[in-house]
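Below is one structure; the comments refer to it alone.
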Amino acid sequence: MVRDVPAAVCLLAVHATMLAWSGYRHSPTIDEPAHLAAGISHWQFGHMDLYSVNPPLVRMIAALPVLAAKPETAWGQFRRASQSRAEFQVGEAFADANGPRIFWLITLARWSCIPFSLLGGWVCFQWARELFGAASGLLSLTLWCFSPTILGNAALITADVPAASLCVTTLYLFFHWLRRPSWATCYLTAVGLGIALLTKSSLILLCGLLPVLWATVRLLGRNPEVGPNGLRADVSKRRQTLQLTTMVVIAMLVLNLGYGFEGSFTQLKEFSFRSQALGGDHDGRRSSVRGNRFSESWTGSVPIPLPANYVIGIDAQKYDFETGLRSYLLGEIKTAGEGWWWFYLYAAAVKVPLGTWVLAFLTVPVAGRWGRADQQLLLIGPALCFASVVSSQVGLNFFRYLLPAFPFAFIWISQLLSDRIGNRSRISLTLTALGLLWSIASSLWYFPHSLAYFNELVGGPKSGYRIMVDANLDWGQDLLYLKEWLEDHPEAAGMELHYYGPVAPVLAGLPVTDVTSRKDRLSLPDGSPEPSSGPSKWVAVSVTRIAHQTAFHRRHGGQGENWFADLFEREPDDRIGYSIHLYRNGEDAAK
């Protein structure tokens, strides 16, 4: 297919445009002010303490255009080396200091992160194209570009889509090294792995996964000159082992460089941990108890070849998983490290377009018939690895944690159109086309509200709050849409707002009574309409608050009436996106 590269460029251009529009239209989500403030702190102070649960690369890139815009900063809540999660208070203070301008600053930061998603899409295209042909490359890229989960998260400044992009890029470079194990491909893979480690701490799994994949491919025992797995006969096992070791060493060097070697090679016993896994005993409840289970053993004297804040971040993330802030599913809420091991299986069933599932089921017999076990392994192995790891951590359940598995699934599905398969039946081609069109149409139908996407199996995102909330549906992203609604309904000024989000609604110029935030001390920006003096006919509630409060009421066996539980069962009178429900008050409720 001669025109596959121009077609891929067009798809990526459409994808970038959709991300730019979504990033502009949505208000800051829960984590974003914290990410942005932390990124600015890294550039200003040269330290990586803030938001240490994830490496600094993405937020530092997000901060670059914002720094050029000369934002106001407020570091009163920041205490270095305290190992406390101060980033959210710092993010709130940053938003307050910049006032209404925070919405534009977040937009600039989001736009600077779009290249991460473009990279992931391009690698999906290139890898599928090399494995299965041009048509497969375009199929894989199309699935990436129109995936609602990719669209919803790539428009933010969080690290999940960048991690998916760098993960598949690293495995793509590793695939080339497996085919031709040279020092050049070794160095490229090593740098790719190092940059991946700087995007999200969970990608440290790659340091163990790559050797396992290499050993497994070798056990398959075939050579590129005589078989499909791409291993050259003239490269000895010893040299490959040396190159594989070099990959990990160079990747660690890149990781430490990214942190400026801050606290690198600190002895293990010098750390003070909060998680039970690393030394802080707790009973599932959050506390300030710290410890180090390695301090009295010989392992405590081992220097850790990782930046100190990288180690601290892993401990903090593990502590969050163990104690569990809260997890919500199907009307039930769990805390203290409890959850559902099958959460991500169920979430995939309801948050991935049904058309994509049709394509996946059609791929199963094709993959089994083709018999390329080594290349199937390189796609299925990483996807299963990440799916298994996130499913084992039941304390926090966010579907975005599964994103590193997505590109491998898309490439695997793309073999449906492989040019190495013989003549395909008309029925097979028709089902493939229908599945792809269904997937695209379903995603576009709800765009730009892609973060809230649920498929037709559960009735779409309108019913999403009955299934899962927070980052899976309502992350505070629809505040600007509420502003537009209020401009069209001036009689609703002064409405009571129960908002789940990181910035004060008043910063968006909303003439509302802000019930749930602590921002009543802030004044409305100049030119904003003032709230009406009388009682409003409307109340607005974020669906995360409805779902969580209802679930807590059920869990603790409340006998009295519960306002949120009533709203949970009541059909809203209007919706803002799919994250804020509007209800008429008093006598107007019956109209």
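The values are calculated or read from the model by the stated rules, or taken from the named source; none is laboratory data. For clarity, every value in this text was computed on a predicted model and none was experimentally measured. Because the Cβ atoms are built from the backbone with ideal geometry, glycine has one as well, and the counts that use them run over all protein chains shown. Please note that ligands, DNA and RNA were not included when accessible areas were found on the heavy atoms of the full protein model with its side chains. Shrake-Rupley method; radii C 1.70, N 1.55, O 1.52, S 1.80 Å.
Yes/no per residue for (1) open to solvent by 40 Å² or more (accessible area, probe 1.4 Å); (2) part of a loop (DSSP other than H, G, I, E, B):
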residue: 260; (1), (2): yes, yes
residue: 263; (1), (2): no, yes
residue: 269; (1), (2): yes, no
residue: 275; (1), (2): no, yes
Given the structure, is residue 536 open to solvent by less than 30 Å² (accessible area, probe 1.4 Å), small (Gly, Ala, Ser), within 24 Å of residue 490 (Cα to Cα) and modelled with pLDDT under 85? yes
The condition from (1) modelled with pLDDT under 60; (2) open to solvent by 60 Å² or more (accessible area, probe 1.4 Å); (3) under 15 Å from residue 376 (Cα atoms); (4) touching an Asp or Glu at 6+ places or on another chain (Cβ under 7 Å) that residue 220 misses is numbered (1)
Which listed residue is modelled with pLDDT of 90 or more, surrounded by fewer than 21 Cβ atoms within 10 Å (Cβ to Cβ) and not charged (D, E, K, R), from 99, 76, 91: 99
Residue pairs meeting the criteria (Cβ under 9 Å; at least 6 apart or on separate chains; first over 10 Å from residue 411 (Cα atoms) and aromatic (Phe, Trp, Tyr), in segment 121-150; second open to solvent by less than 10 Å² (accessible area, probe 1.4 Å) and part of a loop (DSSP other than H, G, I, E, B)): 146/353
Residue 211 assigned to a helix (DSSP H, G or I) and either in contact with a His (Cβ under 7 Å, 6 or more places away or on another chain) or surrounded by 23 or more Cβ atoms within 10 Å (Cβ to Cβ) (or both): no
Out of the helices (runs of 4 or more DSSP H) lying entirely within segment 86-192, which hold 2 or more residues that are of a type in the set (Val, Ile, Thr) and more than 25 Å from residue 211 (Cα to Cα)? 102-112, 148-154
State which residue is nearest to the chain's Cα centre (by Cα) when the search covers only segment 109-133 and only residues that are within 21 Å of residue 508 (Cβ to Cβ) and crowded, with 20+ Cβ neighbours inside 10 Å. 110
So how many residues does segment 44-58 have that are in a helix (DSSP H, G or I) and either within 18 Å of residue 398 (Cβ to Cβ) or modelled with pLDDT under 95 (or both)? 3
Any helices (runs of 4 or more DSSP H) falling wholly within segment 400-491 and containing at least 2 residues that are at pLDDT below 90 and hydrophobic (A, V, I, L, M, F, W, C): 426-446
Testing residue 44 on (1) open to solvent by 40 Å² or more (accessible area, probe 1.4 Å); (2) under 24 Å from residue 26 (Cβ atoms); (3) of a type in the set (S, T, N, Q), one condition comes back false. Which one is that? (2)
